[in-house]
Amino acid sequence: MTTQHLSRELASFAANLQAADIPADVMNRAEDLLVDWFGSAIAGKGSRPVELITQFAQNMGGFDAEHSGPSEILVSRKTSSPFLAAMANAAASHVAEQDDVHNGSVFHPATVVFPSALACAQAIGASGEDLLVAAVAGYEVGIRVGEFLGRSHYKVFHTTGTAGTLAAAAAVGRLLKLKPEQMLHALGSAGTQSAGLWEFLRDAADSKQLHTAHAASAGLMSAYIAQTGFTGAEHILEGKQGLAAGMSSDSDPSRLVDRLGSRWALAETSFKYYASCRHTHPAADALLQVMLANNLSPKDIAKVETLVHQGAIDVLGPVTDPATVHQSKFSMGTVLALVAHYQFAGLQEFDQHFHDDEICAFRERVSMTLDPEVDGAYPQRWIGKVKVYLNNGQILDGRVDEPKGDPGNTLSRAEITDKAMRLAAFSSGASPAEMSKAIDLLWNIRKQAKIGFLLSSASAA
């Protein structure tokens, strides 16, 4: 009787992945996700936690104008080591709450995969095609690890911080052309550094940006040291004292190798339309549907009951009186109030209105109720259901089966470009001309024989 070695199988897949193995539509989707991520990364400029982590990265780098590093820190236009650039860019791309999400794993792949892959690619002179192949490897590994760890894991752990370390290691390991055995050790080292707890939400703490910064940089380090012969646990995922043993009570080992090479989990990834926690999006779409169909104003609504999955209650429930813009993005009531008043919940709406009197008043009239159908479909499907109670006594039901941004209700390339331009304009992280040039480069990334800096002023840093 042979025992399947799942960690090794996943590592071998990532190490051996070639461009020819990946369908054209998946490579195209990887480009979409790259451009989408870039907008979120630029949107992080000016955010206090992002600036603090970026300052730390620059101070630790030991580089000056005459001795710049090979990898670009996007929000500061400085350069540093791959390790520190990955750290800074990963922090930046997760603060606007506009980076992508994979439903089934409840994992944000872009914010850990692309910062680490870009930093390494710039350092070693990799091609654009190499970068995309590495990104696919990172997405496929990270998503499967997130699915493997299950719903019990997400109740306490921020999956992007935990599975994210392995996703980053896989992406960088593929760029470094690690052999399967080396990739296995890289995953072992990444997995033992997996971290990220949801407790920060109760305090409006800055930890969410630390989670992604750590995951991207720790994953990158794990791949680099594996290249030199550093070893890691060979059964880090399924072992008796591995990730599942310590962080899950409902792990499913079969998810780790689910249709490797035929099911492309990257293509299942969703774009985020609203600038808030993804758990709020289905209900926001359902409320907007009801309001538009019935020509309602916020003043017509007595209360809104959102029918949700348990994961939404676990993550959003602790946020009852948001004190900061970022914390308000984890408040179901605030998000629905903004959508009700402005038909959108973007960066500008949160920044200017999250604590307005009418928004706070509407927020208090929103509740969450566990719904068996919605909970049963989660996390593979994120169904939006609401009951809207009107002041005239009428009750209206709203339902959305595929929120805006899901693969079946996706964003076009024009919408992705527009989103990235809006994010940059909000943060003043790059001028329209700079963004247009960088985005055009990214849409044509496969033509790049060697990846340089995305923002021209970085080359003069």
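Read-outs throughout are calculated quantities, based only on the coordinates presented, and are distinct from any laboratory measurement. Predicted model, so just to flag it, every value in this text is computed and none were measured. Every residue, glycine among them, receives a Cβ derived from its backbone with ideal geometry; neighbour counts consider all protein chains shown.
What shape does the stretch 387-461 have by the C-alpha gyration tensor, where a ≥ b ≥ c are the square roots of the eigenvalues, rounded means a/c under 1.5, and otherwise prolate means a/b greater than b/c and oblate the rest? Here the stretch 387-461 falls in the prolate category.
Counting 0.36 nm for each residue step from D356 to H5 and taking away their Cα separation leaves a gain of 120.9 nm.
Once backbone amide H atoms are built at 1.01 Å from N, L197 has H158 as its partners under 5 Å, excluding neighbours fewer than 5 places away on the same chain. Over the chain, DSSP H runs of length four or greater, each weighted -39,500 (n - 2.57), average out per residue to a 222 nm ellipticity of -16000 deg cm²/dmol. Along the axis of the charge dipole computed for the stretch 203-281 (Cβ charges of +1 for Lys and Arg, -1 for Asp and Glu, origin at the Cα centre), the listed residues A275, I225, V257 are led at the positive end by A275. About its Cα centre, the stretch 8-139 has a charge dipole of approximately 400 debye under the convention of +1 per Lys or Arg Cβ and -1 per Asp or Glu Cβ, with nothing else charged.
By the compact-protein rule of thumb, 2.2 N^0.38 Å, the alpha-carbon radius of gyration of the stretch 155-271 corresponds to a ratio of 1.09. In whole Å, what is the distance between the alpha-carbon centres of the stretch 274-351 and the stretch 375-390? Here the two parts' Cα centres lie 13 Å apart. Among G104, P115, G142, whose Cα lies farthest out toward the positive end of the dipole of the stretch 45-142, if unit charges sit on the beta carbon of Lys, Arg (+1) and Asp, Glu (-1)? In the stretch 45-142, that residue is P115. Computed from Cα positions, the angle between helix 413-427 and the longest principal axis of the chain comes to roughly 90 degrees. Of the peptides 30-36, 20-26, the order by per-residue mean of other Cβ atoms within 10 Å, starting with the highest, comes out as 30-36, 20-26.
Each Lys and Arg contributes +1 and each Asp and Glu -1, all at the Cβ; summed about the Cα centre of the chain, the dipole is approximately 520 debye. Placing one identical point scatterer on every Cα of the chain and ignoring solvent, what is log10 I(q)/I(0) from the Debye formula at q = 0.07, 0.10 Å⁻¹? Values, matching the q order: -0.32, -0.67. Apply 1/(1 + (r/R0)^6) to the Cβ-Cβ distance of L370 and D401, taking R0 = 25 Å, and write down the FRET efficiency to the nearest 0.05. Approximately 0.85, to the nearest 0.05.
Highest-first packing order for the peptide set 155-166, 110-121 is 110-121, 155-166, based on the mean count of other beta carbon atoms within 10 Å.
Taking the C-alpha atoms only, the angle from helix 110-124 to the longest principal axis of the chain is near 30 degrees. Packing here is the average count of other Cβ atoms within 10 Å per residue, and on that basis the peptides 127-140, 221-234, highest first, run 127-140, 221-234. In this label model, N59 and F344 are separated by 3.8 nm, measuring between points 7 Å along each Cα→Cβ vector. Between amide H atoms placed 1.01 Å from N, distances below 5 Å from V366 occur with V304, all of them 5 or more places distant or on a separate chain.
With R₀ set to 30 Å, the beta-carbon distance separating R202 from A302 gives a calculated FRET efficiency near 0.55. Gain on full extension, evaluated as 0.36 nm per residue between L390 and A377 minus their Cα-Cα distance, stands at 1.8 nm. Helix 180-191 and the longest principal axis of the C-alpha atoms of the chain enclose an angle of approximately 40°.
Under 13 Å of direct C-alpha separation, and excluding same-chain neighbours fewer than eight residues apart, K450 reaches these aspartates and glutamates: E129, D130.
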